[in-house]
Structure formats: structure tokens, C-alpha cells
Amino acid sequence: MSQISRGLENVFIKTTSLTYIDGENGILRYGGYDIEDLVEHTSFEEVVHLMLYGDLPTKLQLQRLKSALDEAYEVPQQVIDMIYSLPRDSDAVGMMETAFSALSSIYGMPWNKATNRDNAIKLVARASTVVANVLRAKEGKKPAIPEPSESFAKSFLKASFSRTPTDEEVKAMDAALILYADHEVPASTTAALVTSSTLSDIYSCVVAALAALKGPLHGGAAEEAFKQFVEIGEPDMTETWFKRKIVEGKSRLMGFGHRVYKTYDPRAKIFKKYAKLLSERNQEARRYFEIAQKLEELGVETFGAKHIFPNTDFYSGVVFYALGFPVYMFTSLFALSRTLGWTAHVIEYVEDQHRLIRPRALYVGPLKREIVPIELRG
């Protein structure tokens, strides 16, 4: 009898040279480089080059890539108008879907090895424009296009808030972009791959990925984890909340546990570092960081024996909040970063491994039946 793998767990759908995960030992690498080293010693732009071209760039290659990003921030006015035409209380990721659907209509070019990576770089740049203007539209501010600066992260933050960010804020945003850039083939990347297998265009692949990312069990987890901290309210209420909600109420502790990792998510450790750093100068963020720390201690004490530990979403919300982003933007910030991973994976698949993805379903319904005339049914 055919075997069903619920959730496609441990089903391999492609080979990749992009991301390596060792869930037992908490190791994450992009192109062979440990995630800790990439965050510490490189920039998001360098990781863009690594993901799309297979190696970290030389100075000249990095300069060319930055120039390509700088030149692609502009998006058609129709796309900006479409974002601003939506109700201000619209879901932020849904607004991104709308914008990328429009971009697909405008830029939906066929796959071509000579231009795929150029298109991916333009897509990543346009994603920053889309996300910044989703925020600005929801906040009732005028549109703004990112302008060239020292870094992609700085350009994005300046466009989002119309202010010059501190060096600490830029580094934290850059780290977040690297940490969320890719994670092999979770639900959103799988959705993008299925779409790419039909040879639909690269923007449509991102629309499919966004639809999958929106769910609270995937991209929405950072928002749900942070909402726990808000609900707790004060650090000294953490233990009472945990006992009532998690232990007695049997609710899920959001930001804990991962399908792949059986130990502490390496990304969570880095996010925790930046959450602590940024919260030192932000009183509200510091309160949430202290709650998160206490909740982590209780969670590890309760669930650690079951190999359930903090994942990347547990502390990322504190970082985003300290940077000035409202909770409703957290998933969109995840998406901004992950556009790199999605595009890198679909290019890898279409160019090297293409086959229409068409799984089967095991039929368990009734055997052949005869149709009874409607007047005799009853």
C-alpha cells in the first residue's frame, strides 16, 4: 500500500546548494557558511550574491550588485496607487500579494538563464519598496521610495520611517534580513517551487509564497509570539500567565518548537542578542525583552526534555518592535528577507531540476456506485 507522509515530512523534492540544516545540532549554513559568521562578518547584499551566484562577492562584484539594487527601487506608480487604494486595516501580507500580483502583470517575463538572476535582484529591491509603502499606507503617510545609501537595510529603514537610523538599528535590520533569507523548503518555498514548476513567472512564484507565509504556523508566528508578551504585560506576571495559559490551559507556546530543529534554533540566539542590544535604549522594548527572557526560561524548563526550544520567531518580534515597526508588519518583514530565498530556490529548480510538480492523493472513498434516479433517493 502507498505510504502517506503527513505534511510531506521528510519528503525530498529537490537538491540544493543554498541552505544546509542540521536540526539535531542546531547548525544552519548558507552555501557552506555558518549563519553566525555571515551575520557577524558580511552584509545582506553579500548574502544576496552568495544565494544567487554561489559565492561571496569580490569588492567589484559587490559594488555592481549594490548598484543593481539601487537602480531597481523604483516601481510603477500603478503599484504604489494600488497599495494605497486598499483599506488601511488590510492585512499587510495581503497588501504585498496585491502589489506583487500587479508586478507580475507588468514584469512577468519568461525564464531565461541569462536574465534570471538580474530579475531576482530587481525583485528583491522592489520588495523593499513594496514593504516600506505597505507600512506607510497603513500609517497614513505619503509614499516613499528607498534611496541609495551605504546599505540595503539603511535604505529600507529610511524609506519606512523618513528618518536616518542609527548604526545599531541598521546592523540589527541587516542581521534580520540575513537570518530570514532562507531556510531550505518550508511551506512558502514549497508553494513557490510548485508554482515555478509550471513555468509561471518569478513574481507569481512570490505571490504563491506570500499566500503560504501569511499563516500563523509559518510567517505569522513572530506576530503571535510577540502578542504573548503584550498579553503578559509585565515581567513579574510571566510565571502566572505561563501556568494559566500554557500549563493548565494547554495552549501552544508560540515561538517555541520547530519541525526541523530538535535543539535551540541558531537564528534565535542571534535575534536574542540584537533584541537585548536594541532594548537597552528602548524602555518598552526592554519590558518585552525581559518578559521574553522569563518566558524562555519557563518554556525550556517545561519543554526542553521534549527537544522543544525557542525558534527564530521568539525574539525577532522584539527586534522589529525596537526598530519601530508595529506588530502587524512582522510577517511582511519576514517576507522582505525571504524573497531572496524564494527566488534563489525557484531559479535553482527551474534551471537545473525542472519537472512539473504533480503529486498524487491516495483514494479512500467508496468503491464504484450506481446512480439511483433522484425520485428514488431518500
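For segment 209-244, which positions are among the basic types (K, R) and in a helix (DSSP H, G or I)?
The initial filter retains those residues of segment 209-244 that are among the basic types (K, R), namely 214, 227, 243-244.
K227, K243, R244 - these are the residues of segment 209-244 that are among the basic types (K, R) and in a helix (DSSP H, G or I).
Sort out which residues of segment 14-51 are open to solvent by 50 Å² or more (accessible area, probe 1.4 Å) and either within 23 Å of D70 (Cβ to Cβ) or outside any strand (DSSP E or B) (or both), and write them in order of number.
T15, T16, S17, E24, N25, G32, E36, D37, E40, H41
Based on what the data block shows, is S85 open to solvent by 30 Å² or more (accessible area, probe 1.4 Å), closer than 18 Å to R338 by Cα and not charged (D, E, K, R)?
no
List the residue pairs whose Cβ atoms are under 9 Å apart, where the first residue sits in segment 249-264 and is in a loop (DSSP other than H, G, I, E, B), the second is at pLDDT below 90, and the two are 6 or more positions apart or on different chains.
That search, which allows pairs on different chains as well, returns M254/P216; M254/A221; G255/A221; R259/G7; R259/E9.
Tally up the residues in segment 313-325 that are open to solvent by 10 Å² or more (accessible area, probe 1.4 Å) and either without any contact (Cβ under 8 Å) to a residue 60 or more places away in the chain or in a helix (DSSP H, G or I) (or both), please. Show your work before the answer.
At the first step, the residues of segment 313-325 found to be open to solvent by 10 Å² or more (accessible area, probe 1.4 Å) are 313, 321-322, 324.
When the remaining residues are screened for being either without any contact (Cβ under 8 Å) to a residue 60 or more places away in the chain or in a helix (DSSP H, G or I) (or both), the result is 313, 321-322.
Residues meeting the conditions: 3.
I'd like to know if segment 226-243 contains one or more residues that are at pLDDT 95 or above, among the β-branched types (V, I, T) and under 22 Å from D91 (Cα atoms).
yes
Could you tell me whether L217 is within 30 Å of S101 (Cα to Cα), open to solvent by 50 Å² or more (accessible area, probe 1.4 Å) and out of contact with any Gly (no Cβ under 7 Å at 6 or more places or on another chain)?
Taking the combined requirement at face value, the residue satisfies it.
Are there any pairs with C-beta distances below 7 angstrom linking a residue in segment 355-374 that is in contact (Cβ under 8 Å) with a residue 40 or more places away in the chain to a residue that is open to solvent by 100 Å² or more (accessible area, probe 1.4 Å) and hydrophobic (A, V, I, L, M, F, W, C), with the two at least 6 apart or on different chains, and if so which?
Within 7 Å, the pairs are L362/I4.
Only one of (1) closer than 30 Å to R355 by Cα; (2) at pLDDT below 95; (3) of a type outside the set (S, T, Y) fails for A222. Which number is that?
(1)
Is it true that T129 is modelled with pLDDT of 95 or more and farther than 29 Å from L199 by Cβ?
no
Only one of these conditions is not met by G108: (1) modelled with pLDDT of 95 or more; (2) in contact with an Asp or Glu (Cβ under 7 Å, 6 or more places away or on another chain). Which number is it?
Only one criterion is unmet by G108, namely (1).
All but one of (1) of a type in the set (S, T, Y); (2) open to solvent by less than 10 Å² (accessible area, probe 1.4 Å); (3) more than 21 Å from T331 (Cα to Cα) hold for Y203; state the number of the condition that does not hold.
Among (1) of a type in the set (S, T, Y); (2) open to solvent by less than 10 Å² (accessible area, probe 1.4 Å); (3) more than 21 Å from T331 (Cα to Cα), Y203 violates only (3).
Tell me, please, whether a residue that is more than 19 Å from F320 (Cα to Cα) and either touching a residue at least 12 places away in the same chain (Cβ under 8 Å) or buried (at least 17 other Cβ atoms within 10 Å of the Cβ) (or both) can be found in segment 224-232.
Of all residues in segment 224-232, those more than 19 Å from F320 (Cα to Cα) come to none.
Among the residues of segment 224-232, not one is more than 19 Å from F320 (Cα to Cα) and either touching a residue at least 12 places away in the same chain (Cβ under 8 Å) or buried (at least 17 other Cβ atoms within 10 Å of the Cβ) (or both), which makes the answer no.
Restricting to segment 289-312, and then to whatever is under 22 Å from the mean Cα position of the chain (by Cα) and in contact (Cβ under 8 Å) with a residue 40 or more places away in the chain, can you tell me which residue is surrounded by the fewest Cβ atoms within 10 Å (Cβ to Cβ)?
I308
Looking at R286, R281, R360, R338, can you tell me which residue is modelled with pLDDT of 95 or more and open to solvent by 10 Å² or more (accessible area, probe 1.4 Å)?
R286
In this structure, is Q63 under 25 Å from A172 (Cβ atoms), open to solvent by 60 Å² or more (accessible area, probe 1.4 Å), not charged (D, E, K, R) and not in a loop (DSSP other than H, G, I, E, B)?
For Q63, the condition - under 25 Å from A172 (Cβ atoms), open to solvent by 60 Å² or more (accessible area, probe 1.4 Å), not charged (D, E, K, R) and not in a loop (DSSP other than H, G, I, E, B) - is met.
Restricting the search to segment 103-115, which residues are surrounded by fewer than 21 Cβ atoms within 10 Å (Cβ to Cβ) and either of a type outside the set (D, E, K, R) or under 14 Å from L210 (Cα atoms) (or both)?
Step one: of segment 103-115, the residues surrounded by fewer than 21 Cβ atoms within 10 Å (Cβ to Cβ) are 104-115.
Passing the criteria: S104, S105, I106, Y107, G108, M109, P110, W111, N112, A114, T115.
The values are calculated or read from the model by the stated rules, or taken from the named source; none is laboratory data. Predicted model only: the values in this text are computed from it and were never measured. So basically every Cβ, Gly included, is an ideal-geometry build from the backbone, and we count neighbours across all protein chains shown. Heads up: the accessible areas ignore ligands, DNA and RNA and are worked out on the full protein's heavy atoms, side chains in. Shrake-Rupley method; radii C 1.70, N 1.55, O 1.52, S 1.80 Å.
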